[in-house]
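I have placed the structure first, in the form of C-alpha coordinates, so that the comments after it can refer back to it.
The values are calculated or read from the model by the stated rules, or taken from the named source; none is laboratory data. Quantities reported herein were computed from a predicted structural model and do not represent experimental measurements. Don't worry about glycine lacking a Cβ; one is built from the backbone with ideal geometry, like all the others, and counts go over all protein chains shown.
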Amino acid sequence: MTTTLETTTSATPGVAEKSNARWWILGVLGIAQLMVVLDATVVNIALPAAQHSLGFSDADRQWVVTAYALAFGSLLLLGGRLSDLFGRRTTFIIGLIGFAVASAVGGAATSFEMLVIARAGQGVFGALLAPAALSLLTVTFTDSSERAKAFGVFGAVAGAGGAIGLLLGGALTEWASWRWSLYVNLVFAAVALVGAVALLAKHVATERPKLDLPGTLTVSAALFSIVYGFSQAETDGWSSGSTIGWLAAGAVLLAVFVYLETRVAHPLLPMRILLDRTRAGAYFAVFVTGAGMFAVFLFLTYYLQLIRGFTPIVTGIAFLPMVAAMIVSSTVIAPQMLPRVGPRIVMSSGLAVAALGMALLTSIGVETSYASHVLPGIVAMGLGLGAAMATAFQGATAGVEHEDAGVASATINTMQQVGGSIGTALLSTIAATAATNFMTGKMPNQLVMAQAAVHSYTATFWWASGFFLVGAVVAALVLRNELPATEGEPVVL
(Lines give C-alpha, C1' and ligand atoms only; values in the text may rest on other atoms or scores of the structure.)
Protein backbone atom coordinates (compact mmCIF):
# COMPACT_ATOMS: atom_id res chain seq x y z
CA MET A 1 0.00 0.00 0.00
CA THR A 2 1.25 3.41 -0.85
CA THR A 3 1.73 5.88 1.94
CA THR A 4 0.93 9.37 0.77
CA LEU A 5 1.98 12.32 2.84
CA GLU A 6 0.49 15.49 1.47
CA THR A 7 2.24 18.45 3.03
CA THR A 8 3.33 21.89 2.02
CA THR A 9 6.55 23.71 2.61
CA SER A 10 6.24 24.13 6.37
CA ALA A 11 8.05 21.50 8.40
CA THR A 12 6.14 22.18 11.60
CA PRO A 13 2.95 20.17 12.03
CA GLY A 14 1.62 22.62 14.61
CA VAL A 15 1.42 25.29 11.95
CA ALA A 16 -1.59 23.47 10.53
CA GLU A 17 -3.60 24.39 13.58
CA LYS A 18 -2.67 28.08 13.38
CA SER A 19 -2.68 28.81 9.70
CA ASN A 20 -5.68 30.15 7.84
CA ALA A 21 -4.53 28.36 4.70
CA ARG A 22 -6.63 25.30 5.51
CA TRP A 23 -9.77 27.46 5.24
CA TRP A 24 -8.61 28.50 1.78
CA ILE A 25 -8.21 24.80 1.02
CA LEU A 26 -11.81 24.30 2.13
CA GLY A 27 -12.83 26.98 -0.37
CA VAL A 28 -10.96 25.22 -3.17
CA LEU A 29 -12.48 21.85 -2.32
CA GLY A 30 -15.94 23.37 -1.98
CA ILE A 31 -15.72 24.94 -5.44
CA ALA A 32 -14.70 21.62 -6.96
CA GLN A 33 -17.47 19.74 -5.14
CA LEU A 34 -20.03 22.33 -6.22
CA MET A 35 -18.95 21.95 -9.83
CA VAL A 36 -19.44 18.17 -9.72
CA VAL A 37 -22.75 18.23 -7.83
CA LEU A 38 -24.48 21.01 -9.74
CA ASP A 39 -23.58 19.37 -13.04
CA ALA A 40 -26.18 16.71 -12.25
CA THR A 41 -28.94 19.34 -12.58
CA VAL A 42 -27.54 22.40 -14.39
CA VAL A 43 -27.65 20.60 -17.74
CA ASN A 44 -31.19 19.32 -17.14
CA ILE A 45 -32.63 22.83 -17.39
CA ALA A 46 -30.70 23.43 -20.60
CA LEU A 47 -31.70 20.12 -22.24
CA PRO A 48 -34.69 21.38 -24.24
CA ALA A 49 -32.56 24.17 -25.75
CA ALA A 50 -29.72 21.74 -26.48
CA GLN A 51 -32.18 19.34 -28.10
CA HIS A 52 -33.52 22.08 -30.35
CA SER A 53 -30.01 23.22 -31.27
CA LEU A 54 -28.55 19.80 -32.06
CA GLY A 55 -31.75 18.18 -33.33
CA PHE A 56 -31.85 14.95 -31.33
CA SER A 57 -35.01 13.09 -30.36
CA ASP A 58 -36.87 12.86 -27.06
CA ALA A 59 -35.79 9.22 -26.79
CA ASP A 60 -32.13 10.23 -27.10
CA ARG A 61 -32.41 13.09 -24.62
CA GLN A 62 -32.05 10.88 -21.55
CA TRP A 63 -28.55 9.87 -22.65
CA VAL A 64 -27.23 13.36 -21.99
CA VAL A 65 -28.08 12.76 -18.32
CA THR A 66 -27.46 9.01 -18.21
CA ALA A 67 -23.98 9.17 -19.76
CA TYR A 68 -22.78 11.34 -16.89
CA ALA A 69 -24.48 9.20 -14.22
CA LEU A 70 -23.13 5.92 -15.64
CA ALA A 71 -19.51 7.04 -15.84
CA PHE A 72 -19.58 8.87 -12.53
CA GLY A 73 -21.40 6.20 -10.54
CA SER A 74 -19.48 3.20 -11.87
CA LEU A 75 -15.97 4.66 -11.45
CA LEU A 76 -16.21 6.41 -8.08
CA LEU A 77 -14.66 3.61 -6.04
CA LEU A 78 -11.79 3.34 -8.51
CA GLY A 79 -11.28 7.10 -8.34
CA GLY A 80 -11.20 6.98 -4.57
CA ARG A 81 -8.62 4.22 -4.47
CA LEU A 82 -6.46 5.95 -7.09
CA SER A 83 -6.36 9.04 -4.87
CA ASP A 84 -5.13 6.82 -2.02
CA LEU A 85 -2.49 5.18 -4.19
CA PHE A 86 -1.12 8.03 -6.26
CA GLY A 87 -1.81 11.05 -4.10
CA ARG A 88 -4.89 13.15 -3.50
CA ARG A 89 -3.38 16.31 -4.88
CA THR A 90 -2.38 14.66 -8.16
CA THR A 91 -5.75 12.95 -8.55
CA PHE A 92 -7.61 16.14 -7.65
CA ILE A 93 -5.71 18.24 -10.23
CA ILE A 94 -6.08 15.62 -12.98
CA GLY A 95 -9.79 15.45 -12.21
CA LEU A 96 -10.14 19.24 -12.39
CA ILE A 97 -8.33 19.54 -15.72
CA GLY A 98 -10.13 16.58 -17.26
CA PHE A 99 -13.54 17.82 -16.09
CA ALA A 100 -12.83 21.25 -17.57
CA VAL A 101 -11.72 19.80 -20.92
CA ALA A 102 -14.79 17.55 -21.12
CA SER A 103 -17.01 20.53 -20.28
CA ALA A 104 -15.41 22.61 -23.04
CA VAL A 105 -15.96 19.80 -25.55
CA GLY A 106 -19.60 19.49 -24.48
CA GLY A 107 -20.16 23.22 -24.74
CA ALA A 108 -18.73 23.22 -28.26
CA ALA A 109 -20.66 20.09 -29.30
CA THR A 110 -21.86 20.08 -32.90
CA SER A 111 -23.72 16.76 -32.64
CA PHE A 112 -25.63 14.64 -30.18
CA GLU A 113 -22.85 12.04 -30.12
CA MET A 114 -20.23 14.66 -29.27
CA LEU A 115 -22.35 15.97 -26.39
CA VAL A 116 -22.93 12.50 -24.92
CA ILE A 117 -19.21 11.61 -25.12
CA ALA A 118 -18.36 14.87 -23.37
CA ARG A 119 -20.89 14.16 -20.63
CA ALA A 120 -19.39 10.71 -20.12
CA GLY A 121 -15.97 12.36 -19.90
CA GLN A 122 -17.28 14.68 -17.20
CA GLY A 123 -18.45 11.62 -15.29
CA VAL A 124 -15.06 9.90 -15.58
CA PHE A 125 -13.09 12.87 -14.27
CA GLY A 126 -15.78 13.69 -11.71
CA ALA A 127 -15.21 10.20 -10.31
CA LEU A 128 -11.57 11.17 -9.73
CA LEU A 129 -12.38 14.61 -8.40
CA ALA A 130 -15.19 14.03 -5.88
CA PRO A 131 -13.54 11.43 -3.60
CA ALA A 132 -10.17 13.23 -3.77
CA ALA A 133 -11.85 16.44 -2.57
CA LEU A 134 -13.56 14.79 0.40
CA SER A 135 -10.47 12.83 1.43
CA LEU A 136 -8.36 16.01 1.26
CA LEU A 137 -10.89 17.65 3.56
CA THR A 138 -10.66 14.66 5.89
CA VAL A 139 -6.89 14.91 6.35
CA THR A 140 -6.83 18.72 6.48
CA PHE A 141 -9.21 19.29 9.40
CA THR A 142 -8.47 17.24 12.51
CA ASP A 143 -9.48 19.62 15.30
CA SER A 144 -12.98 18.53 16.32
CA SER A 145 -14.62 21.98 16.35
CA GLU A 146 -13.03 23.09 13.08
CA ARG A 147 -13.76 19.71 11.53
CA ALA A 148 -17.47 20.06 12.29
CA LYS A 149 -17.56 23.51 10.66
CA ALA A 150 -15.59 22.35 7.62
CA PHE A 151 -17.78 19.32 7.05
CA GLY A 152 -20.81 21.52 7.59
CA VAL A 153 -19.74 23.73 4.70
CA PHE A 154 -18.90 20.72 2.53
CA GLY A 155 -22.21 19.03 3.37
CA ALA A 156 -24.08 22.22 2.50
CA VAL A 157 -22.38 22.33 -0.88
CA ALA A 158 -23.13 18.66 -1.55
CA GLY A 159 -26.77 19.06 -0.56
CA ALA A 160 -27.50 22.46 -2.09
CA GLY A 161 -25.55 21.94 -5.31
CA GLY A 162 -28.53 20.45 -7.11
CA ALA A 163 -30.74 23.44 -6.32
CA ILE A 164 -27.97 25.87 -7.26
CA GLY A 165 -27.64 23.97 -10.54
CA LEU A 166 -31.31 24.60 -11.30
CA LEU A 167 -30.89 28.33 -10.71
CA LEU A 168 -27.64 28.56 -12.65
CA GLY A 169 -28.92 26.45 -15.52
CA GLY A 170 -32.06 28.55 -15.80
CA ALA A 171 -30.14 31.83 -15.75
CA LEU A 172 -27.52 30.74 -18.29
CA THR A 173 -30.07 29.21 -20.65
CA GLU A 174 -32.38 32.21 -20.47
CA TRP A 175 -29.74 34.96 -20.65
CA ALA A 176 -26.91 33.37 -22.64
CA SER A 177 -27.02 29.91 -24.24
CA TRP A 178 -27.45 26.29 -23.23
CA ARG A 179 -23.75 25.86 -24.04
CA TRP A 180 -22.86 28.02 -21.05
CA SER A 181 -24.34 25.42 -18.72
CA LEU A 182 -21.19 23.47 -19.67
CA TYR A 183 -18.77 26.33 -20.28
CA VAL A 184 -19.39 27.66 -16.76
CA ASN A 185 -17.41 24.70 -15.40
CA LEU A 186 -14.27 26.22 -16.91
CA VAL A 187 -14.61 29.13 -14.50
CA PHE A 188 -15.06 26.85 -11.47
CA ALA A 189 -12.21 24.59 -12.56
CA ALA A 190 -9.81 27.48 -13.21
CA VAL A 191 -10.33 28.98 -9.76
CA ALA A 192 -10.04 25.60 -8.04
CA LEU A 193 -6.95 24.68 -10.07
CA VAL A 194 -5.08 27.85 -9.09
CA GLY A 195 -5.93 27.21 -5.45
CA ALA A 196 -4.96 23.54 -5.65
CA VAL A 197 -1.55 24.26 -7.18
CA ALA A 198 -0.85 27.00 -4.63
CA LEU A 199 -2.14 25.30 -1.48
CA LEU A 200 -1.98 21.54 -1.87
CA ALA A 201 1.36 19.82 -1.55
CA LYS A 202 2.83 16.95 -3.52
CA HIS A 203 2.73 13.52 -1.97
CA VAL A 204 5.65 11.27 -1.14
CA ALA A 205 5.25 7.60 -2.02
CA THR A 206 7.20 5.11 0.12
CA GLU A 207 5.94 1.93 -1.54
CA ARG A 208 4.90 0.89 -5.01
CA PRO A 209 1.13 1.27 -5.47
CA LYS A 210 -0.96 -1.88 -5.67
CA LEU A 211 -4.39 -1.90 -7.26
CA ASP A 212 -7.02 -4.60 -6.83
CA LEU A 213 -7.69 -5.12 -10.54
CA PRO A 214 -10.29 -7.93 -10.23
CA GLY A 215 -12.19 -5.95 -7.61
CA THR A 216 -11.97 -2.78 -9.69
CA LEU A 217 -13.36 -4.43 -12.81
CA THR A 218 -16.08 -6.27 -10.89
CA VAL A 219 -17.41 -3.33 -8.89
CA SER A 220 -17.22 -0.96 -11.87
CA ALA A 221 -19.27 -3.41 -13.93
CA ALA A 222 -21.67 -3.93 -11.00
CA LEU A 223 -22.28 -0.22 -10.46
CA PHE A 224 -22.65 0.36 -14.20
CA SER A 225 -25.25 -2.41 -14.39
CA ILE A 226 -27.19 -1.09 -11.41
CA VAL A 227 -27.25 2.55 -12.56
CA TYR A 228 -28.08 1.55 -16.13
CA GLY A 229 -30.74 -0.88 -14.94
CA PHE A 230 -32.51 1.86 -13.01
CA SER A 231 -32.28 4.22 -15.97
CA GLN A 232 -33.93 1.50 -18.08
CA ALA A 233 -36.64 1.11 -15.46
CA GLU A 234 -37.44 4.80 -15.80
CA THR A 235 -37.95 4.52 -19.56
CA ASP A 236 -38.96 0.88 -20.20
CA GLY A 237 -40.66 -0.08 -16.92
CA TRP A 238 -39.73 -2.46 -14.11
CA SER A 239 -41.03 -5.55 -15.86
CA SER A 240 -38.98 -5.19 -19.04
CA GLY A 241 -36.35 -7.82 -19.74
CA SER A 242 -33.65 -5.18 -20.09
CA THR A 243 -34.37 -3.70 -16.66
CA ILE A 244 -34.50 -7.06 -14.91
CA GLY A 245 -31.40 -8.34 -16.70
CA TRP A 246 -29.20 -5.33 -15.89
CA LEU A 247 -30.32 -5.16 -12.26
CA ALA A 248 -29.84 -8.91 -11.79
CA ALA A 249 -26.37 -8.72 -13.34
CA GLY A 250 -25.51 -5.82 -11.06
CA ALA A 251 -26.64 -7.72 -7.96
CA VAL A 252 -24.62 -10.82 -8.92
CA LEU A 253 -21.50 -8.78 -9.70
CA LEU A 254 -21.85 -6.91 -6.42
CA ALA A 255 -21.97 -10.22 -4.53
CA VAL A 256 -18.88 -11.41 -6.41
CA PHE A 257 -17.14 -8.14 -5.52
CA VAL A 258 -17.83 -8.59 -1.79
CA TYR A 259 -16.51 -12.17 -2.00
CA LEU A 260 -13.32 -11.02 -3.75
CA GLU A 261 -12.69 -8.20 -1.28
CA THR A 262 -12.56 -10.65 1.62
CA ARG A 263 -9.84 -12.67 -0.09
CA VAL A 264 -7.38 -10.31 -1.79
CA ALA A 265 -4.34 -8.85 -0.07
CA HIS A 266 -4.97 -5.26 -1.17
CA PRO A 267 -8.74 -4.86 -1.55
CA LEU A 268 -10.22 -1.95 -3.45
CA LEU A 269 -12.81 -1.51 -0.67
CA PRO A 270 -11.66 -3.08 2.60
CA MET A 271 -14.63 -4.49 4.47
CA ARG A 272 -13.47 -2.64 7.60
CA ILE A 273 -14.70 0.53 5.90
CA LEU A 274 -18.27 -0.76 5.77
CA LEU A 275 -18.44 -2.67 9.04
CA ASP A 276 -18.00 0.36 11.29
CA ARG A 277 -21.42 1.41 12.64
CA THR A 278 -20.80 5.14 12.33
CA ARG A 279 -19.72 4.91 8.71
CA ALA A 280 -22.46 2.40 7.82
CA GLY A 281 -25.11 4.70 9.26
CA ALA A 282 -23.65 7.68 7.41
CA TYR A 283 -23.58 5.81 4.11
CA PHE A 284 -27.21 4.73 4.47
CA ALA A 285 -28.29 8.25 5.41
CA VAL A 286 -26.68 9.67 2.27
CA PHE A 287 -28.23 6.89 0.18
CA VAL A 288 -31.80 7.68 1.29
CA THR A 289 -31.10 11.41 1.08
CA GLY A 290 -29.97 11.04 -2.53
CA ALA A 291 -33.08 9.01 -3.35
CA GLY A 292 -35.48 11.42 -1.67
CA MET A 293 -33.96 14.72 -2.79
CA PHE A 294 -34.73 13.94 -6.41
CA ALA A 295 -38.41 14.26 -5.54
CA VAL A 296 -37.74 17.89 -4.74
CA PHE A 297 -35.46 18.80 -7.61
CA LEU A 298 -37.36 16.86 -10.27
CA PHE A 299 -41.06 16.83 -9.42
CA LEU A 300 -41.24 20.14 -7.60
CA THR A 301 -39.54 21.68 -10.64
CA TYR A 302 -42.25 20.14 -12.83
CA TYR A 303 -44.94 21.53 -10.53
CA LEU A 304 -43.56 25.06 -10.45
CA GLN A 305 -42.97 25.25 -14.22
CA LEU A 306 -45.79 23.18 -15.72
CA ILE A 307 -48.58 23.86 -13.22
CA ARG A 308 -47.72 27.24 -11.72
CA GLY A 309 -46.07 28.64 -14.88
CA PHE A 310 -42.72 29.66 -13.39
CA THR A 311 -39.89 30.37 -15.81
CA PRO A 312 -36.67 28.35 -15.42
CA ILE A 313 -34.86 31.16 -13.63
CA VAL A 314 -37.79 31.92 -11.31
CA THR A 315 -37.95 28.21 -10.52
CA GLY A 316 -34.29 28.32 -9.53
CA ILE A 317 -34.93 31.36 -7.33
CA ALA A 318 -37.82 29.51 -5.70
CA PHE A 319 -35.35 26.93 -4.39
CA LEU A 320 -33.08 29.55 -2.78
CA PRO A 321 -34.84 29.46 0.64
CA MET A 322 -34.09 25.74 0.77
CA VAL A 323 -30.44 26.42 -0.07
CA ALA A 324 -30.24 29.14 2.60
CA ALA A 325 -31.82 26.87 5.22
CA MET A 326 -29.44 24.07 4.30
CA ILE A 327 -26.41 26.34 4.63
CA VAL A 328 -27.51 27.68 8.02
CA SER A 329 -28.31 24.21 9.30
CA SER A 330 -25.08 22.57 8.14
CA THR A 331 -22.68 25.38 9.06
CA VAL A 332 -24.27 26.74 12.25
CA ILE A 333 -26.83 24.38 13.76
CA ALA A 334 -25.10 21.02 13.14
CA PRO A 335 -21.64 22.11 14.40
CA GLN A 336 -23.26 23.54 17.55
CA MET A 337 -25.43 20.50 18.22
CA LEU A 338 -23.01 17.72 17.32
CA PRO A 339 -20.70 18.08 20.38
CA ARG A 340 -23.71 18.42 22.70
CA VAL A 341 -26.05 15.63 21.64
CA GLY A 342 -23.94 13.45 19.33
CA PRO A 343 -24.29 12.33 15.70
CA ARG A 344 -27.16 9.88 16.31
CA ILE A 345 -29.49 12.63 17.50
CA VAL A 346 -28.37 15.18 14.90
CA MET A 347 -28.67 12.84 11.93
CA SER A 348 -31.88 11.09 12.92
CA SER A 349 -33.64 14.31 13.91
CA GLY A 350 -32.39 16.01 10.73
CA LEU A 351 -33.85 13.27 8.56
CA ALA A 352 -37.08 13.35 10.57
CA VAL A 353 -37.42 17.11 9.98
CA ALA A 354 -36.71 16.53 6.27
CA ALA A 355 -39.47 13.90 6.23
CA LEU A 356 -41.85 16.41 7.79
CA GLY A 357 -40.89 19.04 5.21
CA MET A 358 -41.50 16.62 2.37
CA ALA A 359 -44.85 15.66 3.86
CA LEU A 360 -45.84 19.34 3.96
CA LEU A 361 -45.36 19.50 0.19
CA THR A 362 -48.10 16.92 -0.33
CA SER A 363 -50.67 19.68 0.32
CA ILE A 364 -49.95 21.42 -3.01
CA GLY A 365 -52.75 21.79 -5.53
CA VAL A 366 -53.39 23.27 -8.95
CA GLU A 367 -54.20 26.70 -7.50
CA THR A 368 -52.18 26.73 -4.26
CA SER A 369 -49.57 29.45 -3.76
CA TYR A 370 -45.82 29.09 -3.40
CA ALA A 371 -45.65 31.04 -0.12
CA SER A 372 -48.25 28.99 1.73
CA HIS A 373 -47.77 25.49 0.34
CA VAL A 374 -44.22 25.20 -1.01
CA LEU A 375 -42.05 27.54 1.05
CA PRO A 376 -42.66 25.95 4.51
CA GLY A 377 -41.87 22.47 3.17
CA ILE A 378 -38.64 23.32 1.40
CA VAL A 379 -37.35 25.40 4.34
CA ALA A 380 -38.02 22.47 6.71
CA MET A 381 -36.25 20.14 4.30
CA GLY A 382 -33.30 22.47 4.01
CA LEU A 383 -32.93 22.61 7.79
CA GLY A 384 -33.22 18.84 8.16
CA LEU A 385 -31.06 17.79 5.23
CA GLY A 386 -28.36 20.34 6.06
CA ALA A 387 -27.86 18.86 9.53
CA ALA A 388 -28.07 15.27 8.27
CA MET A 389 -25.69 15.75 5.32
CA ALA A 390 -23.05 17.60 7.33
CA THR A 391 -23.06 14.89 9.99
CA ALA A 392 -23.08 12.08 7.43
CA PHE A 393 -20.10 13.41 5.47
CA GLN A 394 -18.13 13.71 8.69
CA GLY A 395 -19.16 10.26 9.89
CA ALA A 396 -18.42 8.64 6.53
CA THR A 397 -14.69 9.22 6.95
CA ALA A 398 -14.59 8.83 10.73
CA GLY A 399 -11.61 6.94 12.06
CA VAL A 400 -10.33 5.65 8.71
CA GLU A 401 -6.64 5.04 8.21
CA HIS A 402 -4.74 7.50 6.03
CA GLU A 403 -4.48 5.03 3.15
CA ASP A 404 -8.25 4.40 3.18
CA ALA A 405 -9.48 8.02 3.25
CA GLY A 406 -9.95 8.18 -0.51
CA VAL A 407 -11.99 5.01 -0.88
CA ALA A 408 -14.09 5.87 2.20
CA SER A 409 -14.84 9.23 0.59
CA ALA A 410 -15.65 7.53 -2.71
CA THR A 411 -18.09 5.18 -0.98
CA ILE A 412 -20.27 8.02 0.31
CA ASN A 413 -20.27 9.65 -3.14
CA THR A 414 -21.24 6.28 -4.62
CA MET A 415 -24.11 5.89 -2.18
CA GLN A 416 -25.40 9.36 -3.06
CA GLN A 417 -25.16 8.66 -6.79
CA VAL A 418 -26.77 5.21 -6.66
CA GLY A 419 -29.44 6.52 -4.29
CA GLY A 420 -30.21 9.28 -6.76
CA SER A 421 -30.45 6.82 -9.65
CA ILE A 422 -32.79 4.54 -7.70
CA GLY A 423 -34.86 7.48 -6.50
CA THR A 424 -35.25 8.91 -10.01
CA ALA A 425 -36.34 5.58 -11.51
CA LEU A 426 -38.60 4.51 -8.65
CA LEU A 427 -40.29 7.87 -8.15
CA SER A 428 -40.76 8.38 -11.89
CA THR A 429 -42.56 5.04 -12.07
CA ILE A 430 -44.69 5.92 -9.04
CA ALA A 431 -45.58 9.29 -10.57
CA ALA A 432 -46.62 7.72 -13.88
CA THR A 433 -48.74 5.09 -12.14
CA ALA A 434 -50.41 7.65 -9.87
CA ALA A 435 -51.28 9.90 -12.82
CA THR A 436 -52.77 6.96 -14.78
CA ASN A 437 -54.85 5.81 -11.81
CA PHE A 438 -56.15 9.33 -11.23
CA MET A 439 -57.30 9.64 -14.84
CA THR A 440 -59.21 6.35 -14.77
CA GLY A 441 -62.90 7.00 -15.39
CA LYS A 442 -62.44 10.76 -15.83
CA MET A 443 -63.00 12.85 -18.93
CA PRO A 444 -59.65 14.30 -20.05
CA ASN A 445 -59.53 18.08 -20.07
CA GLN A 446 -56.97 20.70 -19.10
CA LEU A 447 -58.01 20.92 -15.44
CA VAL A 448 -58.28 17.16 -14.89
CA MET A 449 -54.88 16.57 -16.53
CA ALA A 450 -53.33 19.26 -14.31
CA GLN A 451 -54.92 17.64 -11.27
CA ALA A 452 -53.54 14.25 -12.35
CA ALA A 453 -50.07 15.73 -12.66
CA VAL A 454 -50.25 17.29 -9.19
CA HIS A 455 -51.55 14.00 -7.79
CA SER A 456 -48.54 12.21 -9.28
CA TYR A 457 -46.16 14.74 -7.72
CA THR A 458 -47.69 14.45 -4.26
CA ALA A 459 -47.47 10.65 -4.50
CA THR A 460 -43.71 10.94 -4.98
CA PHE A 461 -43.48 13.39 -2.08
CA TRP A 462 -45.15 10.88 0.24
CA TRP A 463 -42.70 8.19 -0.85
CA ALA A 464 -39.72 10.50 -0.46
CA SER A 465 -40.96 11.44 3.01
CA GLY A 466 -40.99 7.72 3.76
CA PHE A 467 -37.40 7.39 2.52
CA PHE A 468 -36.27 10.11 4.92
CA LEU A 469 -38.24 8.58 7.80
CA VAL A 470 -36.65 5.16 7.23
CA GLY A 471 -33.25 6.86 7.18
CA ALA A 472 -34.06 8.57 10.50
CA VAL A 473 -35.02 5.26 12.12
CA VAL A 474 -31.92 3.45 10.81
CA ALA A 475 -29.65 6.29 11.95
CA ALA A 476 -31.22 6.18 15.42
CA LEU A 477 -30.69 2.41 15.65
CA VAL A 478 -27.27 2.04 14.01
CA LEU A 479 -25.19 5.09 14.86
CA ARG A 480 -23.10 5.22 18.01
CA ASN A 481 -23.80 8.47 19.79
CA GLU A 482 -20.21 9.63 20.04
CA LEU A 483 -18.22 12.21 18.13
CA PRO A 484 -16.64 10.82 14.94
CA ALA A 485 -12.93 10.16 15.30
CA THR A 486 -10.56 12.13 13.13
CA GLU A 487 -8.38 10.53 10.50
CA GLY A 488 -5.38 11.51 12.57
CA GLU A 489 -2.98 13.02 10.06
CA PRO A 490 -3.52 16.67 9.18
CA VAL A 491 -2.28 18.35 6.07
CA VAL A 492 0.72 20.35 7.22
CA LEU A 493 0.59 23.94 6.08
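Structure above, values below:
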read-out: Residue pairs meeting the criteria (Cβ under 7 Å; at least 6 apart or on separate chains; first without any contact (Cβ under 8 Å) to a residue 40 or more places away in the chain, in the stretch 122-134; second surrounded by fewer than 24 Cβ atoms within 10 Å (Cβ to Cβ)); value: PHE125/GLY98
read-out: Residues of the stretch 432-470 satisfying the condition of being assigned to a loop (DSSP other than H, G, I, E, B) and either of a type outside the set (Val, Ile, Thr) or in contact (Cβ under 8 Å) with a residue 24 or more places away in the chain (or both); value: GLY441, LYS442, MET443, PRO444, ASN445
read-out: Test: residue in the stretch 268-279 that is within 23 Å of LEU427 (Cβ to Cβ) and either assigned by TED's automatic domain parsing to the domain that holds GLY342 or charged (D, E, K, R) (or both); value: no
read-out: Selection within the stretch 237-252 - β-branched (Val, Ile, Thr) and buried (at least 19 other Cβ atoms within 10 Å of the Cβ); value: THR243
read-out: Options ALA291, ALA222, ALA255, ALA189; residue that is in contact with a Phe, Trp or Tyr (Cβ under 8 Å, 6 or more places away or on another chain), outside the structural domain of ALA405 (by TED's automatic domain parsing) and either surrounded by fewer than 17 Cβ atoms within 10 Å (Cβ to Cβ) or on the phi < 0 side of the Ramachandran plot (or both); value: ALA222
read-out: Positions within the stretch 331-363 being surrounded by fewer than 24 Cβ atoms within 10 Å (Cβ to Cβ) and β-branched (Val, Ile, Thr), in sequence order; value: THR331, VAL332, ILE333, VAL341, ILE345, VAL353, THR362
read-out: Test for SER409: is it closer than 23 Å to ARG277 by Cβ and part of a helix (DSSP H, G or I); value: yes
read-out: Elements of type helices (runs of 4 or more DSSP H) in the stretch 258-335, at least 1 residues being within 30 Å of ALA476 (Cβ to Cβ); value: 271-275, 277-294, 320-328
read-out: Residue match in the stretch 210-220 (condition: part of a loop (DSSP other than H, G, I, E, B), at pLDDT below 90 and touching a His at 6+ places or on another chain (Cβ under 6 Å)); value: yes
read-out: Residue within the stretch 241-259 that is under 26 Å from PHE393 (Cα atoms) and touching a residue at least 60 places away in the same chain (Cβ under 8 Å) present; value: no
read-out: Close pairs (9 angstrom Cβ cut-off, 6 or more residues apart or separate chains): in the same structural domain as THR91 (by TED's automatic domain parsing) and in contact (Cβ under 8 Å) with a residue 40 or more places away in the chain in the stretch 32-43, among the aromatic types (Phe, Trp, Tyr) and not in a helix (DSSP H, G or I) anywhere; value: VAL43/TRP178
read-out: Residue under evaluation ALA109, criteria (1) touching a residue at least 24 places away in the same chain (Cβ under 8 Å); (2) crowded, with 20+ Cβ neighbours inside 10 Å; (3) assigned to a helix (DSSP H, G or I); (4) of a type in the set (Gly, Ala, Ser), criterion not met; value: (3)
read-out: Selected residue (only one of LEU96, LEU78, LEU115 is in contact (Cβ under 8 Å) with a residue 12 or more places away in the chain, crowded, with 22+ Cβ neighbours inside 10 Å and over 20 Å from the mean Cα position of the chain (by Cα)); value: LEU115
read-out: Selection from the stretch 343-371 of residues that are over 24 Å from the mean Cα position of the chain (by Cα) and of a type outside the set (A, V, I, L, M); value: THR362, SER363, GLY365, GLU367, THR368, SER369, TYR370
read-out: Pair list, Cβ < 6 Å and 6+ apart or interchain, from the stretch 304-328 residues that are surrounded by fewer than 19 Cβ atoms within 10 Å (Cβ to Cβ) to residues that are β-branched (Val, Ile, Thr) and at pLDDT below 90; value: GLN305/THR315
read-out: Out of THR429, THR391, THR424, sole residue that is out of contact with any Ser or Thr (no Cβ under 9 Å at 6 or more places or on another chain) and either surrounded by fewer than 24 Cβ atoms within 10 Å (Cβ to Cβ) or part of a helix (DSSP H, G or I) (or both); value: THR429
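Rundown of residues vs (1) hydrophobic (A, V, I, L, M, F, W, C); (2) modelled with pLDDT of 90 or more; (3) touching a His at 6+ places or on another chain (Cβ under 6 Å), yes/no style:
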{"residue": "THR414", "(1), (2), (3)": "no, no, no"}
{"residue": "ALA425", "(1), (2), (3)": "yes, no, no"}
{"residue": "MET443", "(1), (2), (3)": "yes, no, no"}
{"residue": "SER456", "(1), (2), (3)": "no, yes, no"}
{"residue": "VAL470", "(1), (2), (3)": "yes, yes, no"}
{"residue": "VAL478", "(1), (2), (3)": "yes, no, no"}
{"residue": "LEU483", "(1), (2), (3)": "yes, no, no"}
